[in-house]
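Notes follow once the structure below has been shown.
Bear in mind that the values in this text are calculations on the coordinates, not laboratory data. Because the structure is predicted, anything quoted here is derived from the model rather than measured. FYI the Cβ positions are ideal-geometry reconstructions off the backbone, even for glycines, and counts take in every protein chain you see.
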Amino acid sequence: MRYYSLILFFLVALFVFSGCAAARVIQVTEADKERSITMHVGDRLEIVLQGNPTTGYLWKIEPWDVDVIGQIGEAVYKADSNRMGSGGQYTFSFGAAQKGKTDLRWVYLRPFERKVVPAKSFEIHVIVSE
């Protein structure tokens, strides 16, 4: 999957920097849960989710249509403060590659706990037009 993400990143970057269109950056937070997000090819989507890695919980993304939208790099974590054990924000970046629809869904869980319902989830519906 990383191979496809890398290729998609370069295709999106080529499109954005070629001057073909004014790409937008769309930022989404947990307040936007279940929303439909409309994008154009070349736009960038940033998903910002609250989390605290010191608790053992992490955000796990479920499979989606990588032909429509591809992840750009790995998630970036930024702590809210320098205090030990404080939470922060994970930012996931995506580039819209081609026209289509897909859902992006994450679950917040402890990967070492089996048969436990995730603490929370987040999902948005992505629509990419040309």
In whole Hz, with x marking every Gly and Pro, tabulate ³J(HN,Hα) for the range 49-55 from phi via Karplus 6.51 cos²θ - 1.76 cosθ + 1.60, θ = phi - 60°. 10, 6, x, 9, x, 6, 8
Just the C-alpha atoms of the range 49-130: what Rg/Rh do they give, with Rh taken as the Kirkwood radius? 1.03
Expressed in nm², what is the orientationally averaged projection area of the convex hull enclosing the Cα positions of the range 91-130? 3.8
Pick out, from 97, 111, 128, the residue whose Cα sits farthest towards the positive end of the charge dipole of the range 89-130, with +1 on the Cβ of Lys and Arg and -1 on the Cβ of Asp and Glu. 111
